[in-house]
Amino acid sequence: MEHIFKEGNDKQSPTLLLLHGTGGNERDLLPIAEMISPNSSVLSVRGNILENGMPRFFRRLAEGVFDEEDLIFRTKELHDFIEECSNQYQFDRNNVLAIGYSNGANIAASMMYHYQNALAGAILLHPMVPIREVELPNLANTPVFIGAGLNDPIIPKVETKELIETLRAANGTVTEYWGEAGHQLTREEIEQAKQWYDGNF
Ligand code: MLT
């Protein structure tokens, strides 16, 4: 997969896995990684799907309607890719924290839905429910921060709530932040994510 790897000074802090939104690329979330944990190593990946020229991490059939077969395939592909990168770049595979926005948050959530210990933690910014009727692994060791917009036109509030409840039902510790904004990221939510990060890692 197309990616950027930046080695950090602090090998004890989690490696940040950056996953962009639809139409983005591996450069988009670098400033956010810098705000959250400037000394961490960073693995930022570009989604392998192109939808009308816009990179994504998995196919969708319509807005908010995911191609589940592709989602499952791409989730495994990303999961395997992280493993490969951890060997190539020599970072601890068990200490990877995802920061995903929108489509990138959805594939990060999908990794947590499908694989035990896929992530040491996750910052999910404007996520949706990636898939339903899946039995989640135990997420007791996976703290999650969720940033959402009360006026997000793409993601209904009930959908974010459903995601939160599903993660909690799998023993995940979920911290929610609800801003007034829509689908875009806000400085306030990144500051909240930073506080959460500092308290957990
Ligand atoms: C998706 O995965 O399709 C998103 O949540 C919405 C988007 O990325 O535009």
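Derivation of every value follows stated rules applied to the coordinates shown; laboratory data play no part. All figures in this text were calculated on a predicted structure; none of them were measured in a lab. Every residue, glycine as well, gets a Cβ built from its backbone with ideal geometry; the counts of neighbours run over all protein chains shown.
Tabulated data
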read-out	value
Flag for Leu78 being crowded, with 16+ Cβ neighbours inside 10 Å, in contact (Cβ under 8 Å) with a residue 60 or more places away in the chain and outside any strand (DSSP E or B)	yes
Subset of segment 63-84 that is among the aliphatic types (A, V, I, L, M) and under 15 Å from Val129 (Cβ atoms) - its residue that is farthest from the ligand (Cβ to nearest atom)	Ile72
Cross-chain or 6+ apart pairs with Cβ under 8 Å, segment 14-29 first and within 13 Å of the ligand (Cβ to nearest atom), then among the aliphatic types (A, V, I, L, M) and in a loop (DSSP other than H, G, I, E, B)	Leu19/Leu29; His20/Leu29
When residues of segment 94-105 are limited to those that are away from the ligand (no atom under 16 Å from the Cβ) and surrounded by 15 or more Cβ atoms within 10 Å (Cβ to Cβ), the one farthest from the chain's Cα centre (by Cα)	Asn95
Odd one out for Gly179 among (1) surrounded by fewer than 16 Cβ atoms within 10 Å (Cβ to Cβ); (2) more than 16 Å from the ligand (Cβ to nearest atom); (3) over 29 Å from His3 (Cα atoms)	(1)
Residues satisfying the stated conditions in segment 89-103, i.e. of a type outside the set (A, V, I, L, M) and touching a residue at least 12 places away in the same chain (Cβ under 8 Å)	Tyr89, Phe91, Asp92, Asn94, Asn95, Gly100, Tyr101, Ser102, Asn103
Filter pass, Ile131 being surrounded by 14 or more Cβ atoms within 10 Å (Cβ to Cβ) and touching a residue at least 60 places away in the same chain (Cβ under 8 Å)	yes
Residue pairs meeting the criteria (Cβ under 6 Å; at least 6 apart or on separate chains; first more than 16 Å from Lys161 (Cα to Cα), in segment 175-188; second more than 13 Å from the ligand (Cβ to nearest atom) and not in a loop (DSSP other than H, G, I, E, B))	Thr186/Gly179; Glu188/Gly179
Scan of segment 29-69 for residues that are buried (at least 17 other Cβ atoms within 10 Å of the Cβ) and among the acidic types (Asp, Glu), ordered by number	Glu68
Those residues of segment 132-154 which are within 16 Å of the ligand (Cβ to nearest atom) and in contact with a strand residue (DSSP E or B) (Cβ under 7 Å, 6 or more places away or on another chain), in sequence order	Ile146, Gly147, Ala148, Gly149
